[in-house]
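Structure record follows, encoded as structure tokens.
Computed from the coordinates by the stated procedures, all read-outs in this text should not be read as laboratory data. This structure is a prediction, so every number in the text was calculated from the model and none was measured. Here the Cβ positions follow ideal geometry from the backbone for every residue, glycine too, while neighbour counts run over all protein chains shown.
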Amino acid sequence: MKMHSKIVFAAGVALVSVPAFAQDAAAQVGSSLGWIGLSVGIMLGLAVLGGTMGQGRAAAAALDGIARNPSASGKFTVPLILSLALMESLVLFAFLISLFLQGSISGAITKVFGL
């Protein structure tokens, strides 16, 4: 991997896996809540990694096709934007699922500790 992609990957893992570090408080509530927090961090990291790799490869293939045949750039534009939007929607769905799981963690902690 190139240095830029390694830095982006490390930053993504560092920013996205923050719910996994909430295991200490969740371990007092129940063992499954810690696993939910860890799974949220891993799920978001993998979703972002897969989405960005797919978008990068799709853009590279489209730009390669345009570079080989510049007159066909109009035929590449709409399918490229559509495919990029669909890839991004999968990442957003993973983000929404993680928010729902995060809410179940905080709801369980609130019920047990009465915070």
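The table below lists the values:
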quantity: Segment I97-I42, length gained on full extension (0.36 nm per residue, minus Cα span); calculated: 18.6 nm
quantity: Mean Cβ neighbour count within 10 Å, used as a protection proxy, ranking 64-71, 87-94, 46-53, 34-41 highest first; calculated: 34-41, 46-53, 87-94, 64-71
